[in-house]
Amino acid sequence: MRLLLLSLLFLSHSLIAQVYWSQGSHQLKDGATKTYADRSAKIPWRKPFGDFLDKNGTPYGNTPFSSTVIKDIDRSRVERIDILPLLKYWARHENSYHGIYLKGILGGEASFYSSEHQNKKPYIEITTNSQRLKFAITRDTSFHPSTNKSLGHFDVFSVSGSAASLLAIDPSFQALSLKNISRAQLVLTTTNKQHRAITLGTFAVAAIDNKQQTKLGIAKNFPQDLKITSHQAVIFSEDFSAKTSLFNRYKTPRWRKFLTQIPDYSQYQLVGTPINKSKFTPLLTQALELTFTPKGSLALGGMYKFKQLLGYEPEQMYFRYYLRLGDKWQPRDGGKLPGFAGTYNKGGWGGRKSNGFNGWSTRGAYGLPASANSSFSGATPIGNYVYQAKSDGNYGYVDFWHGTAPKLERNKWYCIEQFVKLNTVGKADGVIRAWVNGVEAFNKTDYEFRKTQQLKIESVWMNFYHGGTTKPNKTYRVYIDNIVIAHDYIGPMVIGR
């Protein structure tokens, strides 16, 4: 007999108005998977196949809220599962969101008709003192270890020891008073093919990792970043405010003085006046506009090298900048954003595998905007594109940042901050941390960037690149402003006192 865990999926109403996991696009199959709650928006589970709590509040524990047996009978029939203990749990946690997570534990397999089936859809039935009410399962999907694609558009979902499923509930049942409810059941219809008896248990899935507390840093004492370089921890800042005049128009702009190795084909200009046509509004006075065109993948390249800024190369550093995606932002592939690097023009970028001795990099990265069926439709997920010594293959990989903060919408300014600490040679204890608008979005401490003390943090790499090898299919723009590099956490800028 196989124990099957039936788990509650909950989410704070203050996060988003609807459940955060997604069925995804029917064409792309990019909703909830074994790895992601929303593959399209790159919202990861903390552990594969979802994150749940048991009756005792233990993460991934084994004590169910309730259980029921599904017999091994090969004919379609209705099965009813007691979820009243879950409703009581929801009542004790008023800010929880409600849904169902199914996970197999001990053996066998159960197959049920999904919300896509024409006349055998699952639902919730609640009996009160005066009536019996039905509430729809509004979406469902399955996980399976054999695929990274979502399976939410099939009319059957299966659960076994290696497959799991999610179901979302019509939230209107929340208007009912718990004291008037005498029975609550999940009603499922099996298919005509089962594989050994299983026991269903009810569990609560842990909420999305969505930290909202804003962390302030050095910048809080320097409104608009004015004179922020006077702080002993700050080694560089640039706000793109310098004006071009008749007397300095042939000089190298101040913002370019320390930014080296800018390719001639970079597409940039300073802009300051609000542009109604593009919906651009400057953060303060001026910003640097970067243009992606079908002619090439690069909008800006260049490096702030630490030997020039400090006279030496550090082993840990903070870097903050402001980013705005333009009104026509619509990449057709993921790409690169600014971040730290120590490539030394030898390894750790461009398909040059990092071996621990030749170089490494942790540039920023962006993915495709989330699809229409995602709760974050149109938002762009961001993270780091990592080349490290313990990576497989010649190319880097993307570590997308967690929670909802790193999902960027067009025509909004975002404060992006990254921290890198190189690993101790011989250990995988390197660190990447990230914040968006002062909210922590990523914290990972097991990187192995190097196997020699000779590799340091060589530069902040100001890389804005489309793809891979895919070029944009139309022209669009991004904007950056208020760059700061420092030994300590910088935090969001204070606009005024």
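One residue stands out in the stretch 211-236 among those that are among the small types (G, A, S) and not in a helix (DSSP H, G or I): the one that is surrounded by the fewest Cβ atoms within 10 Å (Cβ to Cβ), namely A233. In this structure, does A110 turn out to be outside any loop (DSSP other than H, G, I, E, B) and under 16 Å from V156 (Cβ atoms)? So A110 passes the test. Do we find that K456 is assigned to a loop (DSSP other than H, G, I, E, B), farther than 22 Å from L325 by Cα and modelled with pLDDT of 95 or more in this structure? Against the criterion (assigned to a loop (DSSP other than H, G, I, E, B), farther than 22 Å from L325 by Cα and modelled with pLDDT of 95 or more), K456 qualifies.
One residue alone among A184, A175 is in contact with a Phe, Trp or Tyr (Cβ under 9 Å, 6 or more places away or on another chain), modelled with pLDDT of 85 or more, of a type in the set (G, A, S) and not assigned by TED's automatic domain parsing to the domain that holds S375, and that residue is A184. Every residue in the stretch 135-183 that is closer than 19 Å to S114 by Cα and assigned to a helix (DSSP H, G or I), please. Residue satisfying the conditions is P171 alone.
Taking the stretch 75-94, which residues are outside any helix (DSSP H, G or I) and either within 16 Å of I126 (Cβ to Cβ) or not small (G, A, S) (or both)? R75, R77, V78, E79, R80, I81, D82, I83, H93, E94, listed by residue number. For the residues S160, S114, the requirement of being crowded, with 16+ Cβ neighbours inside 10 Å, small (G, A, S), more than 27 Å from E94 (Cα to Cα) and at pLDDT 90 or above singles out S114. Is it true that F306 is within 20 Å of Q388 (Cβ to Cβ), in contact (Cβ under 8 Å) with a residue 12 or more places away in the chain and over 27 Å from the mean Cα position of the chain (by Cα)? In short, yes.
Evaluation of E448 against the conditions (1) of a type in the set (D, E); (2) over 20 Å from W45 (Cβ atoms); (3) within 19 Å of the chain's Cα centre (by Cα) shows that the sole unmet condition is (3).
Let's see how each residue does on (1) in contact with a Lys or Arg (Cβ under 9 Å, 6 or more places away or on another chain); (2) within 14 Å of S459 (Cα to Cα); (3) surrounded by 19 or more Cβ atoms within 10 Å (Cβ to Cβ); (4) free of Cβ contacts under 8 Å to residues at least 40 places away in the same chain:
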{"position": "K279", "(1), (2), (3), (4)": "yes, no, no, no"}
{"position": "E289", "(1), (2), (3), (4)": "yes, no, yes, no"}
{"position": "L310", "(1), (2), (3), (4)": "no, yes, no, no"}
{"position": "D327", "(1), (2), (3), (4)": "yes, no, no, no"}
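For the residues I480, I490, I457, the requirement of being buried (at least 18 other Cβ atoms within 10 Å of the Cβ), farther than 20 Å from G342 by Cβ and in contact with a helix residue (DSSP H, G or I) (Cβ under 7 Å, 6 or more places away or on another chain) singles out I490. Criterion first (of a type in the set (F, W, Y) and either within 26 Å of the chain's Cα centre (by Cα) or more than 25 Å from F49 (Cβ to Cβ) (or both)) does F112 satisfy it? Taking the combined requirement at face value, the residue does not satisfy it. Sub-8 Å Cβ pairs linking a first residue in the stretch 423-435 that is in contact (Cβ under 8 Å) with a residue 12 or more places away in the chain and assigned to a loop (DSSP other than H, G, I, E, B) to a second residue that is surrounded by fewer than 14 Cβ atoms within 10 Å (Cβ to Cβ) and β-branched (V, I, T), at least 6 apart or interchain, are V425/T452; D429/T445, ordered by first then second residue.
The values are calculated or read from the model by the stated rules, or taken from the named source; none is laboratory data. Just so you know, these numbers come straight off a predicted model, no measurement behind them. We place every Cβ from the backbone using ideal geometry, glycine too, and count neighbours over all the protein chains shown.
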